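Beneath this line is the structure, given in structure tokens, with notes to follow.
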Amino acid sequence: MTATNDLWVFLETHPDGTPKSVGLELLNPGKRLAEPQGGKLVAVVIAAEVSAATEAASRYGADLVITIEGPAYAHYTTEAYASALTYLVRKYQPATMMIGATGNGRDLAPRLSARLQTGLTADCTQLDFDVASGVIAWTRPAFGGNLMATILCAEHRPQMGTVRPGVFKKSEPVGVRAEVIAENFDLDLSAIRTRVVEVTKEVSVEVNLETADIIVTGGRGVGGAAGFALVSRFAASIGGVVGASRAAVEAGWIPHAHQVGQTGKSVSPRVYIACGVSGAIQHVAGMSASDTIIAINKDPQAQIFTIADYGIVGDLFEVLPILEEELRRLGRP
Amino acid sequence: MSSTIPMTSPAPDGGGTCLNILVLVKQVPNTQAIKIDPETNTLIRDGVESILNPYDSYALEAATRLKDKLASIKISVLTMGPARADVVLRECMAISADAAYLVTDRRFGGSDTLATSYILSQAIRFVQAQEGRRFDLIFCGKQAIDGDTGQVGPQVAELLDLPQVTSGLACELAGDELLVVREMDDGTEKLALPLPGLVTFTKPNYSLRPPSARRKLAAKKLDITTISADDLEGIDRGRIGLKGSPTRVRKAYVPPAKTGGVIFSAQPIEESVRQLAQLLVDRDLVVNVEGDAP
């Protein structure tokens, strides 16, 4: 088979076979970018059970879905997924490959790029078509968000990029059916050298900061684990996920999985509510892409107010209970 | 891996051959102090403090913790960068590293991540051949805080045909495997990594230990082996530097600064909170409040 102009989106799945949100999100810019390159939008599903993700890919606008199904893909391993994707890329030769910048996506994409000897741009937050060169212009933050860089991969194929979850919105579902190719790939099980010993899901609420719609973050001003109970209660009342600043994590008030910022997660929710967060540049680097930022802080000089859309100068212990009550009151018909 | 390198079988019980660990490190500007030249949109590097990439420091601490339990472990550190990057190597030697390698050559300048990973993999092969033994484990940070790409670890693993674990939080030796706790988006998983293998580390709940005064002094006198392009026989010149890089930076710019927004300052504070709550509801920012959700 010869090289195509197709744009591929790798649709990472949950253990139950449903697709992670970021893959469906990527089909939206994928459609827009596949057209000027003169190619099809292709979703790639590799899973133990591909039907749910195949169905979703079709609904969210893929022209073609290529699948590999097998029990070896029930739990993510670098080598099983890298082998399967390499097989597909070599066979079908897409022009572009996009992968969600999840933990597994960031594990898989660079491994694949080295195997395919091609360029990869990590953690993109903006995707454009560069008319002059006819390739994708991948834009990503660097230096903790202080600088944006636009990167081209002009001569190597596929041009690869990982894209942050939550940056793009899913398109409206369509009724058109995508063509489906169920590929057979004979995976060499001995090529999987790591062994999964155990999997521990975060016991309380799933800390899915990167796909959260609303994040309520506690910082140093929260003062302790008890303060986080208040933050958590408020977050739960508005359907939000709890985030934390580095100071709060290092003080041992909350696990690192909640940390937002340079040594934590990069997030871009619709609403970000920072409580008792000073707004150090490392923290801002991880949340400045949020749509709307709300700050609650006792210190009127706190840096967080310079990037907040809305703010209240006040004690979070006083503000949060009133805010919760007010929202509940306004929510009632 | 070259067939000329003897495959030592590691003996975590301390008998026989000792374990050989390589930590890949990078000297990075302290991003807290970063300033951008508004005229040229480039980073002002002058006067900006250089530090050991924090994620690499967690990798070094992980290796050092293994060595705490098994003193025979040898820790080497390797970096690619300008000559002045020797500072971070000495910093690592003041903590725990026994040997240090500086990969430096103007011909390596302008390398993107793939070219960098290729050079590093070639340098690692070179050191293994020189020393006549393999690295049983290669550790590095999951990403560097300047580029934030997180690509070099997995790419080096691929180019050396090693199994990999990324975003490691902690690890321990168990028989002839390394058990690594890997941070996932929604929890953790414990993976058994056969040796040789590569692990990248994320931020654990500890920091790198400070150097001891004795080691700090000793580190000043230790040798650093410099490796240039000419040392790396057989390196493909078409895969290094700017010319050998598949990606090219088209432009770099400073993201538009967000300007401060509306501060609700009505007194008493209840009034401000009420105004904020009203706005959140009016703009559909908060829709489903607990108890009212359908």
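The values are calculated or read from the model by the stated rules, or taken from the named source; none is laboratory data. Since the structure is predicted, the reported quantities are computational estimates derived from the model, not experimental observations. Glycine also receives a Cβ, built like all others from the backbone with ideal geometry; neighbour counts cover every protein chain displayed.
So which of B:Lys221, B:Lys216, B:Lys190 is in contact with a helix residue (DSSP H, G or I) (Cβ under 7 Å, 6 or more places away or on another chain), surrounded by fewer than 23 Cβ atoms within 10 Å (Cβ to Cβ) and basic (Lys, Arg)? Let's see the steps before the verdict.
Working: B:Lys221 fails: in contact with a helix residue (DSSP H, G or I) (Cβ under 7 Å, 6 or more places away or on another chain); B:Lys190 fails: in contact with a helix residue (DSSP H, G or I) (Cβ under 7 Å, 6 or more places away or on another chain).
The unique qualifying residue is B:Lys216.
Where residues in region A:100-140 are away from chain B (no Cβ under 12 Å) and in a strand (DSSP E or B), which of them is nearest to A:Ser268 (Cα to Cα)?
If we take residues in region A:100-140 being away from chain B (no Cβ under 12 Å) and in a strand (DSSP E or B), then A:Leu127 is nearest to A:Ser268 (Cα to Cα).
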Residue in region B:228-240 that is surrounded by 13 or more Cβ atoms within 10 Å (Cβ to Cβ) and modelled with pLDDT under 95 present:
no
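For region A:256-271, state whether one or more residues are touching a residue at least 60 places away in the same chain (Cβ under 8 Å), closer than 24 Å to B:Tyr206 by Cβ and either within 13 Å of chain B (Cβ to nearest Cβ) or not β-branched (Val, Ile, Thr) (or both).
yes
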A:Val9, sole failed condition from (1) assigned to a helix (DSSP H, G or I); (2) at pLDDT 95 or above:
(1)
Give the residue, chosen from A:Gly23, A:Gly30, A:Gly61, that is within 19 Å of A:Gly175 (Cβ to Cβ) and assigned to a helix (DSSP H, G or I).
A:Gly30
For region A:148-205, how many residues meet the condition of being in a loop (DSSP other than H, G, I, E, B), at pLDDT 95 or above and hydroxyl-bearing (Ser, Thr, Tyr)?
1
Just one of (1) assigned to a loop (DSSP other than H, G, I, E, B); (2) surrounded by 15 or more Cβ atoms within 10 Å (Cβ to Cβ); (3) more than 14 Å from chain A (Cβ to nearest Cβ) trips up B:Gly244, so point out which.
(3)
By residue number, the members of region B:139-162 that are closer than 24 Å to B:Leu208 by Cβ and either part of a helix (DSSP H, G or I) or among the aromatic types (Phe, Trp, Tyr) (or both) are B:Phe139, B:Val152, B:Gly153, B:Pro154, B:Val156, B:Ala157
Being in contact (Cβ under 8 Å) with a residue 12 or more places away in the chain, crowded, with 19+ Cβ neighbours inside 10 Å and part of a strand (DSSP E or B), is that true of even one residue in region B:122-138?
yes
Give the residue, chosen from A:Phe185, A:Phe234, A:Phe228, that is more than 14 Å from chain B (Cβ to nearest Cβ) and under 18 Å from A:Glu324 (Cα atoms).
A:Phe228
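Would you please name the residue that is farthest from the chain's Cα centre (by Cα), looking only at residues in region A:291-319 that are assigned to a helix (DSSP H, G or I) and within 9 Å of chain B (Cβ to nearest Cβ)?
Going residue by residue through region A:291-319, those that are assigned to a helix (DSSP H, G or I) are A:304-307, A:316-319.
Right, trim to within 9 Å of chain B (Cβ to nearest Cβ) and you get A:305-307, A:318-319.
Numbers: A:Phe305: 26, A:Thr306: 26, A:Ile307: 22, A:Glu318: 34, A:Val319: 31 Å.
Here the residue is A:Glu318.
Tell me, yes or no, whether region A:205-212 has at least one residue that is more than 21 Å from the chain's Cα centre (by Cα), more than 7 Å from every other protein chain (Cβ to nearest Cβ) and surrounded by fewer than 18 Cβ atoms within 10 Å (Cβ to Cβ).
Our first condition is that a residue be more than 21 Å from the chain's Cα centre (by Cα); within region A:205-212, this holds for none.
No: zero hits.
On the basis of being of a type in the set (Val, Ile, Thr), in contact with a helix residue (DSSP H, G or I) (Cβ under 6 Å, 6 or more places away or on another chain) and touching a residue at least 60 places away in the same chain (Cβ under 8 Å), does A:Thr125 make the cut?
Values: of a type in the set (Val, Ile, Thr): yes; in contact with a helix residue (DSSP H, G or I) (Cβ under 6 Å, 6 or more places away or on another chain): no; touching a residue at least 60 places away in the same chain (Cβ under 8 Å): yes.
No.
Going through B:Val249, B:Val273 one at a time, which residue ends up being farther than 30 Å from A:Ile296 by Cβ, facing chain A (nearest Cβ under 10 Å), in contact with an Asp or Glu (Cβ under 9 Å, 6 or more places away or on another chain) and surrounded by 15 or more Cβ atoms within 10 Å (Cβ to Cβ)?
Working: B:Val273 fails: farther than 30 Å from A:Ile296 by Cβ.
Of the residues listed, the single one that is farther than 30 Å from A:Ile296 by Cβ, facing chain A (nearest Cβ under 10 Å), in contact with an Asp or Glu (Cβ under 9 Å, 6 or more places away or on another chain) and surrounded by 15 or more Cβ atoms within 10 Å (Cβ to Cβ) is B:Val249.
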State all residues of region A:301-318 that are touching a Ser or Thr at 6+ places or on another chain (Cβ under 8 Å) and closer than 13 Å to B:Glu270 by Cβ; if no residue qualifies, say none.
A:Ile312, A:Gly314
Please work out which residue is modelled with the highest pLDDT, limiting yourself to region A:272-283 and to residues that are at the interface with chain B (Cβ under 10 Å from one of its Cβ atoms) and surrounded by fewer than 24 Cβ atoms within 10 Å (Cβ to Cβ).
A:Ala280
Just to verify a result, which residue in region B:139-175, among those that are at the interface with chain A (Cβ under 7 Å from one of its Cβ atoms) and more than 17 Å from A:Glu79 (Cα to Cα), is modelled with the highest pLDDT?
B:Gly150
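If you check B:Ala129, B:Ala85, B:Ala99, which single one turns out to be at pLDDT 95 or above, under 20 Å from B:Asn30 (Cα atoms) and either in contact with a Gly (Cβ under 7 Å, 6 or more places away or on another chain) or assigned by TED's automatic domain parsing to the domain that holds B:Arg214 (or both)?
Working: B:Ala129 fails: under 20 Å from B:Asn30 (Cα atoms); B:Ala99 fails: under 20 Å from B:Asn30 (Cα atoms).
One residue alone meets the criteria, B:Ala85.
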